[in-house]
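Asks: Below you'll find the structure I mean.
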Amino acid sequence: MYGNRDLAGLIKAYAPNSENNSKKYLRYLQKHTGVQGSRKIQDFTKSEFEKLWRAMEKYEGRKIGIIQVLPLKKKITGTQKDKSGRILEYFVQELGWLTKKRAIQLATKGEIDAVVVDHGGTKYLRSRPDASAENNLSNMARV
């Protein structure tokens, strides 16, 4: 995500030259945040981060209007495994226990907060990538 990027990397990823004058945008953010060089956004102070998002809102032309609230994806909060440790079912908020097949269908539609992985024709779910390389679903116990 953006936390691992510096200001130049942020602009390159989210406001490329094809959409903005990237050099001008970078100078603007540097001026308004006081941050120069290659410091990662995750290392910004609370004040610097607040200055960053305020500067981005101003530069992008924030307009007051209608905010569309998208439904939140349902979270997997538990798993049921067989004796070999293979996940058979997922416990999903508001839906209860779902078979692996049904959970994969809903994750494919974007209704469950998980990533569908296809490994040699076998599909399974993984937690969204985070700081850990580990699949957090593997550590869940039956609720």
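Rule-based calculations on the coordinates, nothing more; no lab input. On a predicted model such as this, the values are computed, not experimentally measured, just so you know. Methodologically, a virtual Cβ is constructed for each residue, glycine included, from the backbone with ideal geometry; neighbour enumeration extends over all protein chains shown.
Asks: List the aspartates and glutamates whose alpha-carbon lies under 12 Å from that of Lys81, not counting same-chain residues fewer than 8 positions away?
Replies: Within the straight-line limit of under 12 Å, Lys81 reaches these aspartates and glutamates: Glu89.
Asks: If you don't mind, there's one more thing I want to ask. Could you work out how far apart the two model spin labels at Thr99 and Phe49 are, taking each label as a point 7 Å from the Cα in the direction of the beta carbon, and quote it in nm?
Replies: The two pseudo-label positions are separated by 4.3 nm.
Asks: Ok, one more. State the extension gain, in nm to one decimal, for the chain segment bounded by Arg86 and Val117, taking 0.36 nm per residue of separation less the distance between their alpha-carbons.
Replies: 9.7 nm
Asks: Going by amide H atoms built from the backbone, whose H comes under 5 Å of the H on Glu89, apart from near neighbours?
Replies: Amide H to amide H, under 5 Å and 5 or more residues apart or across chains, Glu89 pairs with Gln80.
Asks: Sticking with this structure for a sec: Please list, by residue number, every one of the trypsin sites (Lys or Arg not before Pro) in segment 16-64 that is coil in DSSP and has at most 11 other beta-carbon atoms within 10 Å.
Replies: Numbers: sites: Lys23, Lys24, Arg27, Lys31, Arg39, Lys40, Lys46, Lys51, Arg54, Lys58, Arg62, Lys63; in loops: Arg39, Lys40, Arg62, Lys63.
Passing sites in segment 16-64 are Arg62, Lys63.
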